[in-house]
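**Q** Sending over a structure as structure tokens; questions will come in a sec.
The values are calculated or read from the model by the stated rules, or taken from the named source; none is laboratory data. Just so we're clear, the structure is a prediction, and the values are computed from it rather than from any experiment. Cβ coordinates were reconstructed from backbone atoms using ideal geometry, including for glycine residues, and neighbour counts include every protein chain displayed. Protein only, heavy atoms only, side chains kept; ligands, DNA and RNA dropped before computing areas. Shrake-Rupley method; radii C 1.70, N 1.55, O 1.52, S 1.80 Å.
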Amino acid sequence: MALKNINPTTTTAWTALSNHFNDIKNINIKNLDKEVNRKQDFSLKLNDLSVDFSKNRITKETINLLVKLAEEVDLKDAIEKQFSGEIINATEGRSVLHTALRSSSEEPILVNGKNIKPQIQAALRKIKSFSNKVISGKWKGYTGKSITDIVNIGIGGSDLGPDMVVESLKYYKNQLTTHFVSNIDGDHVSEIIKELNPETTLFVIVSKTFTTQETITNAETLKNWFLKSATIFDIPKHFVAVSTNLEAVVNFGIDKSNVFTMWNWVGGRFSLWSAVGLSISLSVGYDNYKELLEGAEEMDLHYKNTDFDQNIPVILALLSVWYNNFYGAETEAVLPYSQYLKKLPDYLQQAIMESNGKGVDRNGDTIDYQTGTIVWGSTGTNMQHAFMQLVHQGTKLIPADFIGYKESLYGLTDHHKKLMANYYGQMEALAFGKTKEEVHLELKTSGNEAKIETLLPFKVFEGNRPSNAILFDKLTPKSLGKLIALYEHKIYTQGIVWNIYSYDQFGVELGKELANKLLNKQ
Ligand code: F6P
């Protein structure tokens, strides 16, 4: 059964939210913060994860109404439909089952009447045994040497997810060096070639369709480079593929036994949990890869089974709707306080903006309210010395997610204390700002009384800028899996509220078509 089709702006909750917004739009987080128990009332926990959303322009009534909105658009029904494999990606006629890839339950999930769980288990077994062979050195290249370098060739979801996870889990990495080639820009692949030895390199071509211009062009270039030193009979030892398109893979020259299947019910930007994550398993080992999946499953179960007012992805999604649709905020920042997560904002840009950047609703009608937010960000503390000026004192309202870890991986507690002091300091500065009176006193006591008149307005921080503190105990494969799944479910929740299809991406097609036309004219 298809997803329901409810225009959110016609719901009772939306009208109530509009009225409520008019009543409270000028509230100040600073005053709200004085409420007893505010922190407890606006915090959620899931084992090693806690989310403090008290620094938002919300009251309990705001959350009540937002939750009512989720109920009125029947989010519950939508979640059940997604998890059970209904064809919720109606425009492409597909189920959306990245959650099945990390499900450890025996309960069957049917696609076209067939239980997909056994295929998933078989694919995981293949990933495990292949990863073990390569990592242990048993898998040999054409001159009998073990593999030292992995090259992941893919783009979009076939690149960003594995690349982000491999970078984020660098601490857990083994001896293999992993490279990612994505851009059609030949200089990208050329720079990578400089670092490779054909005798010890394994190429992993990742393309759901195996027709993507960038990936096929890069793969051909790398194959030709490889064949300058080796022969076509050596290809099976050095090229494997992840795809749904077996025929195209075999035509490319890859051995059938070197194909890792994926399925149409896994969307590109949600595919790192499938064999698209092969480079992850090769880089950090299968056990860590499995832990990543387990973390994601923990978040899946939380999302599926928890009441909306206690449900972390749902609450974060609704807060984002609140700012996007009522306060008119256009962007959201994702700010991880961990250098390991430097690629997370890029990854989330595809996940969020390719999913929810839609202007037509599930009826096919043009939408007259705001949908997908613009997402951007970078790591703390670097970004404090870059764009945070605008977030603190600029004219735009930019809600921000601050992602942090209680513990660092290498120790160096002095660094970590300073890092986390900045993490909390930034959120406080954004929420509470600095008043005229405070600046006045500060200038006076620092012996700058003469400058008060000229400097005062520039040193005032109006504050009242919202943030969420997303805090884990430690960066582990499991906690990373949880974090990624959190954002995946936030995306779907918002898509349901906005009455759009989050799982298609027709908007990327026209540019591709025109590029091909221009290419054919040359
Ligand atoms: O550019 C859009 C897109 O279809 C993405 O959604 C996808 O992740 C990427 O291209 C790569 O596609 P493929 O895995 O088929 O090469």
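**Q** The stretch 103-160: which trypsin sites (Lys or Arg not before Pro) are DSSP loop and have at most 14 other beta-carbon atoms within 10 angstrom? Don't skip to the answer; put the middle values down first.
**A** Working: sites: Lys114, Arg125, Lys126, Lys128, Lys133, Lys138, Lys140, Lys145; in loops: Lys138, Lys145.
Taking the stretch 103-160 and a limit of 14 other Cβ atoms within 10 Å, the loop trypsin sites (Lys or Arg not before Pro) found are Lys138, Lys145.
**Q** Turning to a different aspect of this structure: Any chance you could list the semi-axes, whole Å, largest first, of the equivalent ellipsoid that the Cα gyration tensor gives for the stretch 1-98, using √(5λ)?
**A** On the way: eigenvalues 208, 78, 17 Å².
In descending order the semi-axes read 32, 20, 9 Å.
**Q** In percent, what relative contact order does the stretch 110-288 have, based on Cα pairs under 8 Å that are 6 or more apart in sequence?
**A** Dividing the mean separation by the residue count of the stretch 110-288 yields 31 percent.
**Q** Could I ask something else about it? Which aspartates and glutamates does Lys170 reach when only Cα atoms under 20 Å apart count, and residues fewer than 8 places away in its own chain are ignored?
**A** Partners within reach: Asp149, Asp159, Glu195, Asp287, Glu291, Glu294, Asp346, Glu407, Asp473.
**Q** Pop the C-beta distance of Lys133 and Glu80 into the FRET formula with R0 = 45 Å and round what comes out to the nearest 0.05.
**A** Once rounded, the FRET efficiency stands at 0.65.
**Q** Go through the stretch 89-195 and name the chymotrypsin sites (Phe, Trp or Tyr not before Pro) that are in a DSSP coil and have 13 or fewer other Cβ atoms within 10 Å of their Cβ.
**A** none
**Q** Could I ask something else about it? Can you give me the % of accessible surface on the stretch 16-103 that is carbon or sulfur? Probe 1.4 Å, all protein chains present, nothing else counted.
**A** Exposed carbon and sulfur together represent 46 percent of the surface.
**Q** Among the GluC sites (Glu not before Pro) in the stretch 164-273, which ones are in a DSSP loop with at most 13 other Cβ atoms within 10 Å of the Cβ? Mind listing them?
**A** Here the GluC sites (Glu not before Pro) that fit, given the DSSP loop and packing criteria, are Glu195.
**Q** Between Ala248 and Asn174, how many nm apart are label points set 7 Å from Cα along the C-beta direction?
**A** It is 3.0 nm.
**Q** For the stretch 207-270, what log10 I(q)/I(0) values come out of the Debye formula at q = 0.13, 0.20, 0.21, 0.28 1/Å, with one point per alpha carbon and no solvent?
**A** -0.35, -0.78, -0.85, -1.29
**Q** So how much slack lies between Ser43 and Lys60, counting 0.36 nm per residue of separation and subtracting their Cα-Cα distance, in nm?
**A** On the way: separation 17, 0.36 × 17 = 6.12 nm, distance 1.21 nm.
Going from the current span to full extension adds 4.9 nm.
**Q** For labels at Asp23 and Thr91 in the simple 7 Å Cα→Cβ model, what's the distance in nm?
**A** If labels sit at Asp23 and Thr91, their model points lie 3.7 nm apart.
**Q** Which of the aspartates and glutamates could a cross-linker bridge to Lys444, judged by Cα under 16 Å and excluding same-chain residues fewer than eight apart?
**A** Within the straight-line cut-off, Lys444 pairs with Glu453.
**Q** I'd like the Kirkwood hydrodynamic radius of the stretch 110-288, using the inverse of the mean 1/r over distinct C-alpha pairs, in Å.
**A** 16.2 Å
**Q** Of Lys396/Lys482; Lys45/Lys406; Lys343/Lys490; Lys81/Lys358, which pairs sit farther than 26 Å apart, going by alpha carbon to alpha carbon?
**A** The pairs that break the limit, which is 26 Å between Cα atoms, are Lys396/Lys482.
**Q** Percent relative contact order of the chain, based on C-alpha pairs within less than 8 angstrom and at least six residues apart?
**A** 20 percent
**Q** Please work out the Cα center distance from the stretch 154-207 to the stretch 5-33, rounded to the nearest Å.
**A** The two parts, judged by their Cα centres, are 46 Å apart.
**Q** Just order 269-280, 154-165 by mean Cβ neighbour count inside 10 Å, highest at the front, would you?
**A** Highest to lowest by the protection proxy: 269-280, 154-165.
**Q** Starting from 0.36 nm per residue, how many nanometres of slack lie between Ser257 and Asn516 once their C-alpha separation is accounted for? Could the numbers behind the result be given before it?
**A** Working: separation 259, 0.36 × 259 = 93.24 nm, distance 3.23 nm.
Residue separation times 0.36 nm, minus the Cα-Cα distance, leaves 90.0 nm.
**Q** Accessible area, 1.4 Å probe, largest first: how do Lys55, Lys170, Lys417 sort?
**A** If we order Lys55, Lys170, Lys417 from most to least accessible, we get Lys417, Lys170, Lys55.
**Q** Another question about this same structure. Could you grab the Rg to Rh ratio for the chain? Cα atoms only, Kirkwood for Rh.
**A** On the way: Rg = 24.7 Å, Rh = 24.7 Å.
Rounded to two decimals, Rg/Rh equals 1.00.
**Q** Between Glu35 and Arg125, what is 0.36 nm times their sequence separation minus the Cα-Cα distance? Round to one decimal in nm.
**A** Length difference between fully extended and current span is 27.1 nm.
**Q** Using a cut-off of 15 Å between alpha-carbon atoms, which aspartates and glutamates can reach Lys459, once sequence neighbours fewer than 8 places away in the same chain are excluded?
**A** Answer for Lys459, where 15 Å is the Cα cut-off: Glu437, Glu438, Glu442, Glu449, listed by chain and number.
**Q** Just list whichever of Lys39/Lys173; Lys145/Lys194; Lys76/Lys256; Lys34/Lys68; Lys117/Lys304 have alpha carbons separated by over 30 Å in the model shown.
**A** Lys39/Lys173; Lys76/Lys256
**Q** Here's another thing I want to ask about it. Among Ala248, Leu222, Ile120, whose Cα sits farthest toward the positive end of the charge dipole of the stretch 110-288 (+1 at Cβ of Lys/Arg, -1 at Cβ of Asp/Glu, about the Cα centre)?
**A** Looking along the dipole axis, the top candidate is Ile120.
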